[in-house]
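Report on the following structure.
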Amino acid sequence: QVQLVESGGGLVQPGGSLRLSCEATRSISTFYIMGWYRQAPGKQRELVAFITSGDNTNYADSVKGRFTISRDTGKNTMHLQMNTLKPEDTAVYYCNAKSPSYTYWGQGTQVTVSS
């Protein structure tokens with residue numbers, strides 16, 4: 001069973017930065033796509049960004065220009081660099097990875113943007 005473990009969440013002031021990490025217990029080269037989702041209280045889970053096995057990336061309009069997704073196959077880790085954070089970015093952020101046979105989720109990490 002593959003596990004995805006997120007880290008890097010926390011409390012940050014508006015305009016600040018955080019870097020989320022998602023470490024997998026097996027080679028991330030086996031996933032054809034990996035991504036970050038988030039869920040704010042009372043709202044549906046939404047896609048924030050994804051990266052393909054060919055390193056193509058895509059972002060939600062709300063985070064374009066502020067967030068950057070990347071992956072390190074040598075460390076089996078995916079990252080989300082979040083800059084110029086806004087209060088509306090407050091949510092639990094989840095790591096997601098898709099293989100041909102299964103979709104995996106992490107447990108989530110809380111990001112709170114508040115002064």
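Can you sort 32, 94 by 1.4 Å-probe accessible area, starting with the largest?
Per-residue accessible area, sorted high to low, gives 32, 94.
Given the protein chains as shown and a 1.4 Å probe, how many square angstrom of residue 22 are accessible, to the nearest 10?
Approximately 0 Å² of residue 22 is accessible to the 1.4 Å probe.
Count neighbours as other Cβ atoms within 10 Å of each site's Cβ, and list the trypsin sites (Lys or Arg not before Pro) in the range 17-115 that are DSSP loop with at most 11 such neighbours.
43, 64
Tell me, what are the semi-axes, in whole angstrom and largest first, of the equivalent ellipsoid of the chain as set by the roots of 5 times the Cα gyration tensor eigenvalues? Mind showing how you got there, number by number?
Details: eigenvalues 107, 38, 33 Å².
Semi-axes from the Cα gyration tensor: 23, 14, 13 Å.
At a 1.4 Å probe radius, carbon and sulfur cover how many percent of the accessible area of the chain?
45 percent
Suppose R0 equals 25 Å. What FRET efficiency, 1/(1 + (r/R0)^6) with r the Cβ-Cβ distance, do residue 29 and residue 83 give to the nearest 0.05? Show your work: numbers first, answer last.
Values: r = 28 Å, r/R0 = 1.11.
Efficiency, from the Cβ-Cβ distance: 0.35.
Of 46, 88, 6, which has the most accessible area with a 1.4 Å probe, and how do the rest follow in descending order?
Highest to lowest solvent-accessible surface, that is 88, 46, 6.
Leaving ligands and nucleic acids out of the surface, order 105, 36 by accessible area at 1.4 Å, largest first.
Ranked list, largest accessible area first: 105, 36.
Residue-wise, which Karplus ³J(HN,Hα) couplings in Hz belong to the range 75-86, taking 6.51 cos²θ - 1.76 cosθ + 1.60, θ = phi - 60°, and x for glycine or proline?
Values, residue by residue: 10, 6, 10, 10, 10, 9, 8, 10, 10, 6, 5, 10 Hz.
Given a 1.4 Å probe, how much area per residue of the chain is accessible, in Å²?
So the chain comes to 53 Å² accessible per residue, rounded to a whole number.
The values are calculated or read from the model by the stated rules, or taken from the named source; none is laboratory data. The shown structure was predicted, so the numbers you read here are calculated from the model rather than taken from an experiment. Note that each Cβ is placed from the backbone with ideal geometry, even for glycine, and that neighbours are counted across all protein chains shown. Accessible surface areas use protein heavy atoms only, side chains included; no ligands, DNA or RNA. Shrake-Rupley method; radii C 1.70, N 1.55, O 1.52, S 1.80 Å.
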